[in-house]
Amino acid sequence: MPAVQETVDQVKAIDVDQYKYGFSTDIEMELAPKGLSEDIVRYISARKNEPAWMLEWRLDAYRRWLTMREPDWARVDYPQIDFQDMYYYAAPKSNPAPNSLDEIDPAILETYKKLGIPLREQEILAGIAPEKRIAVDAVFDSVSVVTTFKEELRKSGVIFCSISEALHEHPELVKQYIGSVVPTTDNFYATLNAAVFSDGSFVYIPPGVRCPMELSTYFRINEQKTGQFERTLIIADKGSYVSYLEGCTAPMRDENQLHAAVVELVALDDAEIKYSTVQNWYPGDSEGKGGIYNFVTKRGDCRGARSKISWTQVETGSAITWKYPSCILRGDESQGEFYSIAVSNGAQQVDSGTKMIHLGKNTRSRIISKGISAGRSQNTYRGLVSAHRRATNAKNFTNCDSLLIGDKCGAHTVPYIESKTASAVFEHEATTSKVSEDQMFYCMQRGLTQEEAIALIVNGFVKDVLQQLPMEFMVEAQKLIAISLEGSVG
Amino acid sequence: MNAVTPIRTPAEQALIGAFGALRDAGPAAAALESLRVDGFARFEATGLPHRRVEAWKYTDLRTMMREAKPLAGAPDASALLAAKVAVGRLPRVGGSRIVLIDGHHAPDLADGGPLPEGVSVSGLAEALVRRPELQALLAGQPATRENTAFALNNAFLTDGLLIEIAPGTAVSHALDLVFLTSDGAAKLTNARVVVIVGAGATAGLVETHLGPAGTDYQKNVVVQAIIRDGARLEHGRRQLEGSEALHLSTLEAEIGAEAHFDTLTLTSGAAVARNQLFVRFSGENARATLRGVSLLKGRQHADTTLVMDHAVPNCESRETFKHVLDGEAHGVFQGKIIVQPIAQKTDGRMMSQTIMLAEGPAMDNKPELEIFADDVACAHGCTCGELDEDLMFYLKARGIPSQEAEALLVEAFAREAIEDFGDEGLGEAVEELRAALLASVTDWMLART
Amino acid sequence: MSLLKIKNLTAKLADEDKQILNGLNLTVEKGQVAAIMGPNGSGKSTLSYVLAGREDYEVTGGEALLDGENILELAADERAAKGLFLAFQYPIEIPGVGQMTFLKAAINAQRKKNGLDEISTPEFIKLVNGKAKELGISPDMLKRSVNVGFSGGEKKRNEILQMALLQPKVAILDETDSGLDIDALKIVADGVNAMRSPDRSFVVITHYQRLLDYIKPDVVHVLSGGRIITTGGPELALELEAKGYADIVGKAA
């Protein structure tokens, strides 16, 4: 594992603060007036030239949202959010809807370059085997600034574009599927998102098509006092396959910024969606000042028989994480998977997990969750596995392990396991332990420093989940985990 | 506490009325007055818990307790006579038998000879006058105090039993404590027993709960156990209530240094049962083993909710619960292991397993770990499914009829929770209880169809 | 010249008061194989842990010089880099961490501290495969997680493999014979014997003489009550085997 060495070098190379994506880009932005009202909802919809039904859909959600209360059941603690004290729309002024890279503000291109996200197809093409290529949708604050490899994907019938574009180009698909997995009434943040979402990615894979490359969206929050509300919709038609990656970063700021996204996945008969997230929003400083509130609703609907949805997440960032990527196993013999690594350090709070809702016959699900708490952080796994009466022969296996580093942090496990079917077989196991002193001593006796030893042992602890990530992200994730744990020992 | 519901259900109104009547009847036991007022205030603030109260998510008491029966008074002569017959039919497990009828101590029904040396039984109200320090104990641990069933028990606290085991005493036979609800019109029984096991003492206690079948009586029982340093308490519990009964039970235990508490509950009675355990370590190097077996059929509902609080370092707890569900029964297990920040070197392991014997039952599990200390080894496990088909086939291939094969496998399943109960403690008395519990598993299985 | 010199070493468990090592003196010459024998509870394992730098132990006095330098203030990894190797009595399992990953990390940690470049992957694989073959370690064992699912014998062979890869100046073998059958013992002993050299010293800690039939010591020390109470040639081990510890311990006391 060269990553161990690389990781440690990288950790050392970072100065005072460990967050390396904390810079901000100085660029002229168009902002909606501060605050939230029906007018703002209309403003956003108008900026995007949306069809009338979309505006109505948003307004319905907004009115509904006004009657809702923020959920308080998660083990997270934060001051009341003032929803009138933020911007709901921020787009680069220069050209909010560029047709080619040449029309994009160079400052934005520079930003993505610094983040290590390739946006120029020819640069990506150079010296990379075709199967290793990744198509990127880059979302900057409220808008998608570019989507790469669109043309090439179109050849195989794959639609990959921003959701704003999809509303114009493929309104029938959007209308059919949007809100069909996460209804506008779902929960406080999802409803807010439905009212004010500004952009996000749209993917449609036609029947029988195996998407020729990895798709990805890279989310970047840049502007101050701005919430990011993106909405992603992925539809895998019968017998298709897609692997999708999501990455996120934000500048270091003293204020807390809200990110309330919605992701909907639909897998029809025999289709498979693999969704991976490397979430590295700014976590705030070690005292808990600043950082992103990451309140996200992600849900996949295995709508067709034998369909499969697999969530993999590496959560290292955000001041607060509140997210439960879930699977509705509606189709007979459908499968859901959830692989998660959640690392918390400093004053971070994580309340994350999944729901596996077995509705169809012979459905299967698997949950592997690895939580690592360090510093003064609180890290909670919260999950639901349920089998309804019809879900005969449903099977679930759940394993959630927590690792504690230091005596000021907390690790909690709150699973709900509900079975209404005798033939359903549910197995759940959870453990909590600390990094073993024996293991540390053994590694150090062989010459590894304390930090190297921790990195090695933690990488071993999360290996089962890391293996689920696409190869190129595995090494990245490994480094990220070690960086996140920097300063947690000694 | 913010969910104040101005609309009271009939049951809530009846409970409020009953409290008023009790207060107006004058200070029957003045020493208990402040506890009653406090308990009632807590109940009044929240009302009966419902599914949106997280701790009662799966047992919506507001719906399940549609009405509150009148509070049971002391049994009259004819009730005592009938009770004597009923209690007489119940084989004793252990030594001296102590009987409570409708929550009231019935010394005349005691059996099994005089109390062993070092064991004393007294009335709670009277004891509280002599020993005001018991007040804090009766008020409950912070977690228990929040609980509505416990608050209601305090609200209607008119008396109860205090059982004390003198320090250093080794009681060779378990005390056989019988809680009987008498025949006649359905009533609400409020029962309270406090057990204090003195330092270094060893004792056993077996509770048996029973009442008339076909009557929808209600019982709210609280047992508080204080196990002082170096002491050991083996606690067995058979819940064999009548088929229509509502049974609320709270067991609170505080375990001192190097003490050991072992408890085993068999649940097979009542239409609705909620079995709560609040166990806390208050001294280091102590051990607790909490276990239970639930056998549910028809439309029975039984909820086991436990909180194991590791409040000090170096303690070990084991929680093992087995659920066997038939018909359209609904089983619930909520178990939480808390490891407080100072409780380093905690070792806690919890397991909840379910077998469903029919298509109709439902099981809800919520095993939780809440951990604030790093040097710990904690785990929980949970399984749910049918009897192993391969095993069934194997037994049938050896000529064992299906029903017997099921009984054998279920007994083996339950045995894991029962077999090492009280292993290091009381010998014979516990052996009898183990055998009785295993036999009731087999009987239950064979009587199923 | 002495490679390891321990002077008046006293040590205890960090959270207990009782001293386990009580002024231990020991000199191990370059190229020497020194056996340390002693009854249970005499402080044998404590000595190995204290030398290797385990934090549960507290050194309360004395010093331990490795090649003339006091190592007691160094962290465990720094001591390892200076050429001190401990073959554990109970090797530790590290789930999820591949054997090869671990071995490479250890070799590179040592190389880095000594100002060398990282070992190249082909060179590393060749090195490990060669040593593994000599020790009868199967390619399958190299694919598994560190010590996970290894038998007692496999774990001990794995320790010797690590020793062979790290080429220490001083190797401490802590009860390496425990839990080994005679075949495994021979493999382990052969591995150690193959590494004997005029520049390397071994401290072989054992309760039984048996191991010393296969790893012939130059000198035998008897440890009791946290001190070396007597020192002799290989014949001392045979005497202990014949008469038991009580006799010698009693005499010295």
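What follows draws every value from the coordinates through simple rules; no lab data is involved. As the structure is a computational prediction, the values presented were derived from the model and not from experiment. Backbone-built Cβ (ideal geometry, glycine too); neighbour counts: all protein chains shown.
Mean partner shielding of peptide C:73-81, defined as the number of other chain Cβ atoms within 10 Å of each residue Cβ, is 5.
When the Cα atoms of region A:358-406 are aligned to their principal axes, the ranges along those axes come out at 45, 13, 8 Å in descending order.
Hey, fewest Cβ within 10 Å first, where do A:His412, B:His104, B:His247 land in order?
Values: A:His412 23, B:His104 20, B:His247 27.
Ascending number of Cβ neighbours within 10 Å: B:His104, A:His412, B:His247.
A cut-off of 5 Å between modelled amide H atoms, ignoring neighbours fewer than 5 places along the same chain, links B:His323 with B:Ser294, B:Gln353, B:Thr354, B:Ile355. The calculated pair-distance distribution of region B:387-449 uses every alpha carbon pair, bins of 5 angstrom beginning at 0, and gives 4, 18, 23, 19, 15, 10, 7, 3, 0 percent. In this simple spin-label model, placing a label point 7 Å from the Cα along the Cα-to-Cβ direction at both C:Glu16 and C:Glu55 gives a separation of 2.0 nm. Taking the charge dipole of chain B about its Cα centre, with +1 at Lys and Arg Cβ atoms and -1 at Asp and Glu Cβ atoms, the residue from B:Thr442, B:Gly204, B:Ala86 reaching farthest to the positive side is B:Ala86. Against chain C, whose longest principal axis is taken from its Cα atoms, helix C:99-113 shows a tilt of about 70°. Helices that extend 15 Å or more along their long axis by alpha-carbon positions and average at least 1.0 on the Kyte-Doolittle scale are, among the DSSP H runs of chain B, B:77-89. I'd like the distance separating the alpha-carbon centroids of region A:284-345 and region B:112-174, in whole Å. Region A:284-345 and region B:112-174 have Cα centres spaced 49 Å from each other.
Can you tell me the convex hull volume per residue for region B:328-391, based on C-alpha atoms, in Å³ to the nearest whole number?
Values: hull volume 4.7 nm³, N = 64.
Cα-based convex hull of region B:328-391, divided per residue, equals 73 Å³.
Histogrammed with a bin width of 5 Å, the alpha carbon distances of region B:142-218 distribute as 3, 12, 17, 18, 18, 15, 10, 4, 2 percent, first bin at zero.
Rounded to the nearest 20 debye, the dipole magnitude of chain C is 440 debye, with +1 charges on Lys and Arg beta carbons, -1 on Asp and Glu beta carbons, and the Cα centre as origin. The Cα atoms of the protein assembly as shown define a convex hull whose projected area, averaged across directions, is 52.6 nm².
Averaged over peptide A:385-398, how many Cβ atoms belonging to another chain are found within 10 Å of each residue's Cβ? Numbers along the way, then the final one.
On the way: counts 3, 2, 3, 1, 3, 0, 0, 1, 1, 0, 1, 1, 0, 2.
Across the residues of A:385-398, the mean count of other-chain Cβ atoms within 10 Å is 1.
Helix-only mean residue ellipticity at 222 nm, chain C, DSSP H runs n ≥ 4 weighted -39,500 (n - 2.57), per residue, nearest 500. What is it? Provide the component values of the computation, followed by the final result.
Values: 10 runs with 101 residues, N = 253.
So the calculated ellipticity at 222 nm is -12000 deg cm²/dmol.
Volume per residue for region A:346-385 equals 41 cubic angstrom (convex hull of Cα atoms).
Between the listed residues A:Val196, C:Gln89, C:Gly149, the Cα displaced farthest toward the positive end of the dipole of the protein assembly as shown, a dipole computed from Cβ unit charges relative to the Cα centre, is found at A:Val196.
Find the eigenvalues of the gyration tensor of the Cα atoms of region B:1-140, then list the square roots of 5 times those eigenvalues as equivalent ellipsoid semi-axes, largest first, in whole angstrom.
Values: eigenvalues 215, 84, 55 Å².
Semi-axis lengths for region B:1-140 are 33, 21, 17 Å.
Considering amide H positions built from the backbone, and no H for Pro or chain starts, which residues 5 or more places from B:Ala225, or on another chain, come under 5 Å of its amide H? The list, which skips near neighbours in sequence, is B:Val195, B:Glu252, B:Ala253, B:Glu254.
Compute log10 of I(q)/I(0) for region B:47-106 with the Debye formula, placing one identical point scatterer on every Cα and leaving out solvent, at q = 0.12, 0.18 Å⁻¹, to two decimals. Taken in order of the listed q values, log10 I(q)/I(0) reads -0.55, -0.77. Residues A:Thr431, B:Thr59 in ascending order of nearby Cβ atoms (within 10 Å, fewest first): A:Thr431, B:Thr59. Amide H contacts of A:Tyr89: A:Ala32, each under 5 Å away and 5 or more positions distant or on a separate chain (H built 1.01 Å from N in the peptide plane; Pro and chain starts excluded). Translational diffusion coefficient of region A:385-448 at 25 °C, 0.890 mPa s, Stokes-Einstein with Kirkwood Rh over Cα pairs, in µm²/s as a whole number. Answer from the Stokes-Einstein relation: 167 µm²/s.
A Cβ-based charge dipole, computed about the Cα centre of chain B with Lys and Arg at +1 and Asp and Glu at -1, lands at about 1000 debye.
Cross-link reach is defined here as a Cα-Cα straight distance under 18 Å, omitting same-chain residues fewer than 8 places apart; for B:Lys366 the aspartates and glutamates meeting it are A:Asp351, A:Asp401, A:Glu418, A:Glu427, A:Glu429, B:Glu54, B:Asp60, B:Asp303, B:Asp309, B:Glu319.
Dimensions of region C:41-100 along the principal axes, based on C-alpha atoms and rounded to the nearest Å, stand at 39, 29, 16, largest first.
Computed over neighbours whose Cβ is under 11 Å from that of B:Ala286, the net charge equals -1, Lys and Arg +1, Asp and Glu -1. Using only alpha carbon pairs under 8 Å that are at least six residues apart, calculate the relative contact order of region A:376-479 and give it in whole percent. Across region A:376-479, relative contact order equals 26 percent.
Report, in degrees rounded to the nearest 10, the 0 to 90 angle that the Cα long axis of helix C:234-243 makes with the longest principal axis of chain C. Between the helix axis and the principal axis of chain C, the angle is about 60 degrees. Relative contact order, whole percent, for region C:2-234 stands at 31, derived from Cα pairs under 8 Å and 6 or more residues apart. To the nearest ten degrees, helix C:182-195 and the longest principal axis of the Cα atoms of chain C are 80 degrees apart.
The local environment of B:Gln353, defined by Cβ-Cβ distances under 9 Å, has a net charge of 0 under the rule Lys, Arg +1 and Asp, Glu -1.
If you take each beta carbon of peptide C:86-99 and count the beta carbons of other chains within 10 angstrom, what is the mean?
Working: counts 4, 1, 4, 0, 2, 2, 9, 4, 11, 6, 12, 11, 4, 0.
For peptide C:86-99, the averaged partner shielding equals 5.
Rounded to the nearest whole angstrom, the semi-axes of the ellipsoid equivalent to chain A, taken from the Cα gyration tensor as √(5λ), stand at 32, 28, 23, largest first. Taking the DSSP beta bridges with both ends in chain C, the antiparallel portion is around 60 percent. Mean projected area of the Cα convex hull of region C:2-234, taken over all directions, amounts to 12.2 nm². Taking other C-beta atoms within 10 angstrom as a stand-in for reagent exposure, B:His330, C:His207 fall in the order C:His207, B:His330, fewest first.
For q values of 0.11, 0.13, 0.16 Å⁻¹, compute log₁₀ I(q)/I(0) with the Debye formula on a Cα-only model of region B:240-327, without solvent. Taken in order of the listed q values, log10 I(q)/I(0) reads -0.35, -0.46, -0.63. Among the listed pairs A:Lys479/C:Lys104; A:Lys434/C:Lys186; A:Lys361/C:Lys143; A:Lys48/A:Lys225, a Cα-Cα separation exceeding 28 Å is found for A:Lys434/C:Lys186; A:Lys361/C:Lys143.
In sequence order, region B:216-226 has phi-based couplings of 8, 6, 10, 9, 10, 10, 10, 10, 10, 10, 10 Hz under the Karplus curve 6.51 cos²θ - 1.76 cosθ + 1.60, θ = phi - 60°, and Gly or Pro positions carry x. Quotient of the Cα radius of gyration of region C:126-253 and 2.2 N^0.38 Å, N being its number of residues: 1.17.
At q = 0.08, 0.12 Å⁻¹ the log10 of I(q)/I(0) for chain B amounts to -0.43, -1.02, computed by Debye summation with a single uniform scatterer per C-alpha, solvent ignored. In region C:2-234, taking the dipole from charged Cβ atoms about the Cα centre, the farthest positive-side position among C:Val204, C:Leu185, C:Ser42 is held by C:Leu185.
Only the Cβ atoms of Lys and Arg (+1) and of Asp and Glu (-1) were treated as charged; on that basis the dipole of region B:387-449 about its Cα centre amounts to roughly 400 debye.
Each other residue within a Cβ distance under 11 Å of B:Pro75 adds +1 if Lys or Arg and -1 if Asp or Glu, for a net charge of -2.
The antiparallel fraction among DSSP beta bridges confined to chain A stands at about 10%.
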